[in-house]
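Down below is the structure, laid out as structure tokens.
The values are calculated or read from the model by the stated rules, or taken from the named source; none is laboratory data. Quick caveat, the model's predicted, so the values are computed rather than measured. Glycine also receives a Cβ, built like all others from the backbone with ideal geometry; neighbour counts cover every protein chain displayed.
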Amino acid sequence: MCPERQSAQWLGWFHERYRVTRGGWLFGAALALLAAGAVAFSNNLLFLIVAAMLATLLVSGLVSRLGLAGLELELLLPEHIAARQRTPARLRLRNLKRLFPSFSIEVSGPAILDRPVYFPLLPGGAGREEAIYVEFPRRGRHGRNLFQFTTRFPFGLFEKSARVTIVRDTLVYPPLAVRPGFAEIAADLAGELELPVRGQGRDFYRVRPYQVPDSARHIDWRSTAHTGQMQVREYSADPRETAELYLDRRAGPHLAAWFEDAIECCASVAWDLAQRGIKVRLRSQGFTAAVPDDGDIYTILKFLALAQPLAPSDTPDNVSSFHLLLSASPRQFADDGVIVRRCFAPGAEL
């Protein structure tokens, strides 16, 4: 699995946000009371305490600001990601400051992150890496991921945060978790297309020496007599039929929800069949790909990740037959004499 790196740096002092914590409000109230008492009673000790508390506020702001500055965030994603599926990833935070460490940094952010990630200490010039899970809500390209650094260090009086944006395209496939209806379609197609064990076809392949698992009915007695060793006939496997899928992308705006279901059904069925070792060919307007002849299953998934509906006036490609049709206008295919074994259309029962 080749990780896809996405990085962003926080180097400046701007775009910071402050929030006074409960402890900060109590500290401020105590400071106000002591300041009022010092003025009212002209008490030097109270003035010293007030000065120390003001210095504490200044130190708190300076240290927290230095802690958030000079941080670099990297999000390492796997090469292949499906929507609505928890995917393992890694989050790496580096402190670009050579001398000053960063303490108590929490990284939170977009909906794809399953939980905030806490880094208790980042020494100067060092980095830390944490395992996380990400989950993208939809298929397609995801170009901007907004993260937030938060710290309450050193005294917890203020919560200071800074936002960074990772800008890089991430291609997310349609969901591959097979829904019950889609699982039945894939299982039915697999039952039709799966063939006997390799070597049990009708075509003669070769004669080879006998091995323990071989059946006695395949013994070639003529070769056995000629060589003096037990020989058996081996047969080539029957050619495996290809699962033909057709995605008709003609769908109006009112069929947007159905179109997403069709994309998900197509991706789930193609993925399931490919995992079973069955050849799959997907056709759509302007697209044709066969697995494994034209590439792996990810060739199909990449197309489905970016597929968009077309205007209903567009005409479909010339096709003759297929195992699964995904179309909002299946009647047109039937009128054209196309042989359809299964159909996924609006309102169809799965």
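Condition (residue is modelled with pLDDT of 85 or more and part of a helix (DSSP H, G or I)) applied to the range 227-245: is it met by at least one residue?
Scanning the range 227-245, I find at least one residue that is modelled with pLDDT of 85 or more and part of a helix (DSSP H, G or I), so the answer is yes.
Hey, ILE81 hits all of (1) of a type in the set (Val, Ile, Thr); (2) under 30 Å from GLU129 (Cα atoms); (3) without any contact (Cβ under 8 Å) to a residue 24 or more places away in the chain but one; which does it fall short on?
All conditions are met except number (3).
Please determine whether any residue of the range 105-121 is surrounded by 15 or more Cβ atoms within 10 Å (Cβ to Cβ), at pLDDT 90 or above and over 23 Å from ILE166 (Cβ atoms).
no
Among the residues of the range 203-226, are any surrounded by 16 or more Cβ atoms within 10 Å (Cβ to Cβ), modelled with pLDDT of 85 or more and outside any helix (DSSP H, G or I)?
For the range 203-226, residues surrounded by 16 or more Cβ atoms within 10 Å (Cβ to Cβ), modelled with pLDDT of 85 or more and outside any helix (DSSP H, G or I): absent.
Name the one entry in ASN95, ASN44 that is free of Cβ contacts under 8 Å to residues at least 24 places away in the same chain and among the polar types (S, T, N, Q). Spell out how you get there, then give the answer.
Values: ASN95 fails: free of Cβ contacts under 8 Å to residues at least 24 places away in the same chain.
Within the list ASN95, ASN44, the selection yields ASN44.
Working only within the range 122-151, note down all residues that are surrounded by fewer than 20 Cβ atoms within 10 Å (Cβ to Cβ), among the hydrophobic types (A, V, I, L, M, F, W, C) and over 26 Å from GLN85 (Cβ atoms).
ALA126
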